[in-house]
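Asker: There's a structure below that I have some questions on.
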Amino acid sequence: MSHAAQEASGTESAEAAPYSRITVRRMCGALGAELGGVDLSKPVDDATVAEIRRAFLENYVIVFRDQDLAPDRLIAFTEMFGPVEQHPYYRTGQIEGFPEVLVLEHKAGQFFNGKNDVWHSDITFGEKPPLGSVLHCRACWEGFADTMFANQYMAYERLSEPMKRFLDGLTAEHSAAYVQRKNNARANNKPITEIAPPVFHPVIRTHPETGRKSLYVNMPSVARICELEEEESKSVLAFLYEHAVQPALVYRHRWRVGDVVMFDNRCLMHYVVPDHPHDMHRLMHRTTAAGDKPY
Ligand code: OGA
Ligand code: MN
């Protein structure tokens with residue numbers, strides 16, 4: 001890693017300017033930090049919000065333990081990062097009065113719904129994909145159905161210079177067709193009847209807050225790389241999907257009830273490990289902060 005990349009990754013800046021309102025404990029080399037000293041069920045003062053936002057930009061995944069947030073407090077937390085928006089398509093299992101909270105539930109005895117056991121970043125088929133999502137764990141069995149996150153800044157930085165030059169300037173077509181198909185395959189989901197036309201995003205995007213470049217393709221949403229022939233596009237994407245999730249880029253989050261995890265959807269992909277027993281109950285409340293058009 002270059003010196004500049006090292007600085008931007010937060011390792012050094014965290015040492016240079018210590019946090020005073022919160023504690024920050026790194027999870028692993030690739031990404032992730034556990035933040036302490038904050039109770040998100042109460043209003044949080046501006047200086048603390050500033051440190052939380054800084055920890056988010058430096059670590060991409062931030063974890064708060066032992067929280068118990070009603071939907072309005074989960075929304076208030078998410079608003080530290082940007083305006084909260086509803087999922088464009090999913091309408092299954094909503095909380096009365098809080099359409100912004102998406103309820104992800106696998107009831108005991110219900111087979112894993114299999115929506116998220118594929119590496120992806122959220123809603124990249126939108127013109128302005130989310131800045132990030134928050135998951136609040138309300139029920140789980142610790143050690144099952146972990147969520148993995150892969151650092152896409154590092155995925156870009158680990159490419160050779162000629163490969164970076166080749167990918168820079170290419171465009172990918174993103175569509176919600178896969179999400180629609182997966183959703184509608186399950187009888188107890190509200191069917192998605194209509195999806196928006198595809199959108200086009202750069203294959204290498206620049207993070208609007210850090211200025212760093214990251215790889216920005218994901219299997220469920222990307223239909224093709226527009227400038228390439230079909231077979232070329234397939235091969236290049238297959239290589240990138242494998243490259244993007246190599247073990248050194250990954251943090252695996254082991255859920256506990258009460259966890260609040262915020263992740264940066266602009267520079268990460270994530271994946272839910274489908275390894276839990278049939279009779280486990282897993283319940284997540286998810287909110288999403290609005291993002292910008294990728295460039
Ligand atoms: C999602 C998602 C992760 C999880 O909501 O987009 O990928 O751990 N969920 O449930
Ligand atoms: Mn997701």
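Just so it is clear, none of the values below were taken in a lab; they were calculated from the coordinates. All values reported here derive from a predicted model rather than from experimental measurement. Note that each Cβ is placed from the backbone with ideal geometry, even for glycine, and that neighbours are counted across all protein chains shown.
Asker: Is the chain rounded, prolate or oblate when judged by the Cα gyration tensor, a ≥ b ≥ c being the square roots of its eigenvalues, rounded requiring a/c under 1.5 and prolate requiring a/b larger than b/c?
Answerer: Verdict is oblate for the chain.
Asker: Turning to a different aspect of this structure: Using Cβ contacts closer than 10 Å as the measure, can you line up K42, K128 from fewest to most?
Answerer: In increasing order of surrounding Cβ atoms, one gets K42, K128.
Asker: Around G143, with a cut-off of 11 angstrom between Cβ atoms, what is the net charge of the other residues, counting Lys and Arg +1 and Asp and Glu -1?
Answerer: Summing Lys/Arg as +1 and Asp/Glu as -1 gives 0.
Asker: Work out from phi, with θ = phi - 60° and the Karplus expression 6.51 cos²θ - 1.76 cosθ + 1.60, the ³J(HN,Hα) of each residue of region 84-94, listed in order in whole Hz, and give x for Gly and Pro.
Answerer: 3J(HN,Hα) across region 84-94, in whole Hz: 7, 10, 7, 5, x, 10, 5, 10, 8, x, 7.
Asker: Something else now. Using modelled backbone amide H atoms (1.01 Å from N, in-plane), which distant-in-sequence or interchain residues come within less than 5 Å of R224's amide H?
Answerer: Placed amide hydrogens put E173 under 5 Å from R224.
Asker: Using alpha carbons only, how many angstrom separate the centre of region 203-235 from the centre of region 162-197?
Answerer: Cα centroid of region 203-235 versus Cα centroid of region 162-197: 13 Å apart.
Asker: Moving on. Listing E127, E173 from the residue with the fewest other Cβ atoms within 10 Å to the one with the most, what is the order?
Answerer: Numbers: E127 12, E173 16.
Fewest-to-most Cβ neighbours within 10 Å comes out as E127, E173.
Asker: In percent, how large is the relative contact order of the chain, given Cα pairs closer than 8 Å and 6 or more residues apart?
Answerer: Values: 610 pairs, mean separation 97.4, N = 295.
About 33 percent, as a whole number.
Asker: Fewest to most neighbouring Cβ within 10 Å: what's the order for Y271, Y251?
Answerer: Ascending number of Cβ neighbours within 10 Å: Y271, Y251.
Asker: Right, next: Where does the chain land at 222 nm, in deg cm²/dmol rounded to the nearest 500, when only DSSP H runs of n ≥ 4 count, each adding -39500 (n - 2.57), divided by all residues?
Answerer: -6500 deg cm²/dmol
Asker: Another question, then. What is region 158-295 by shape, rounded, prolate or oblate, if you read a ≥ b ≥ c off the alpha carbon gyration tensor as root eigenvalues and call it rounded for a/c under 1.5, prolate for a/b larger than b/c, and oblate otherwise? Could the numbers behind the result be given before it?
Answerer: Numbers: a/c = 1.76, a/b = 1.37, b/c = 1.28.
In terms of gyration-tensor shape, prolate.
Asker: Let me ask you something else. For the chain, set up a GNM with springs between Cα atoms under 10 Å and report which of R252, R91, R165 has the largest fluctuation.
Answerer: R165
Asker: I want to check a number: in the chain, how many lysine pairs have alpha carbons closer than 26 Å, given a sequence separation of 8 or more or different chains?
Answerer: Within the chain, the lysine pair count is 23.
Asker: Kindly list the residues of region 174-210 that lie in the label zone of D117, defined by a backbone N under 19 Å from the point 7 Å along the Cα-to-C-beta vector.
Answerer: 178-189
Asker: Take the Cα radius of gyration of region 29-142 and divide it by 2.2 N^0.38 Å, with N its residue count; two decimals is plenty.
Answerer: The reported ratio for this selection is 1.14.
Asker: While we're here: Excluding E100 itself, calculate the net charge of residues whose Cβ lies under 13 Å from the Cβ of E100, where each Lys or Arg counts +1 and each Asp or Glu counts -1. Walk me through the numbers on the way to the answer.
Answerer: Numbers: positive: R73, R91, R286; negative: D72, E79, E85, E96.
My count for the surroundings of E100 gives -1.
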